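Here's the structure, in structure tokens; my notes come after.
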């Protein structure tokens, strides 16, 4: 089952951390401006959205080291 960008963007807008949501929306706009394919944008937003949900309410700013991202990726595979 495929997911639409509009569905993902609605999930982004529902994030409680506005800074994280704005960062994702800015990144989405950047991908559009660069001409990224729809599939690439969907896949990228899905991953970044999962990360934002995981670090909420602290937000992306709470990630300071690469090890934290590796740990988050490890937990998401469980």
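The values are calculated or read from the model by the stated rules, or taken from the named source; none is laboratory data. Note that the structure is predicted; figures quoted are calculated from it, not measured. A quick note on method: Cβ atoms are made from the backbone with ideal geometry, for glycine too, and the neighbour counts reach across all protein chains shown.
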Worksheet item: Looking at segment 15-35, which of its residues are at pLDDT below 95 and either more than 13 Å from the chain's Cα centre (by Cα) or not in a helix (DSSP H, G or I) (or both)?
Response: 15, 16, 17
Discussion item. List pairs: first residue in segment 19-31 and touching a residue at least 40 places away in the same chain (Cβ under 8 Å), second residue assigned to a helix (DSSP H, G or I) and surrounded by 15 or more Cβ atoms within 10 Å (Cβ to Cβ) anywhere in the structure, Cβ distance under 6 angstrom, at least six positions apart or on different chains.
Written reply: 20/52; 20/60
Discussion item. Criterion first (surrounded by 13 or more Cβ atoms within 10 Å (Cβ to Cβ) and at pLDDT 95 or above) does residue 49 satisfy it?
Written reply: no
Response to the item:
All conditions in (1) at pLDDT 95 or above; (2) under 15 Å from the mean Cα position of the chain (by Cα) are true of residue 60 except (1)
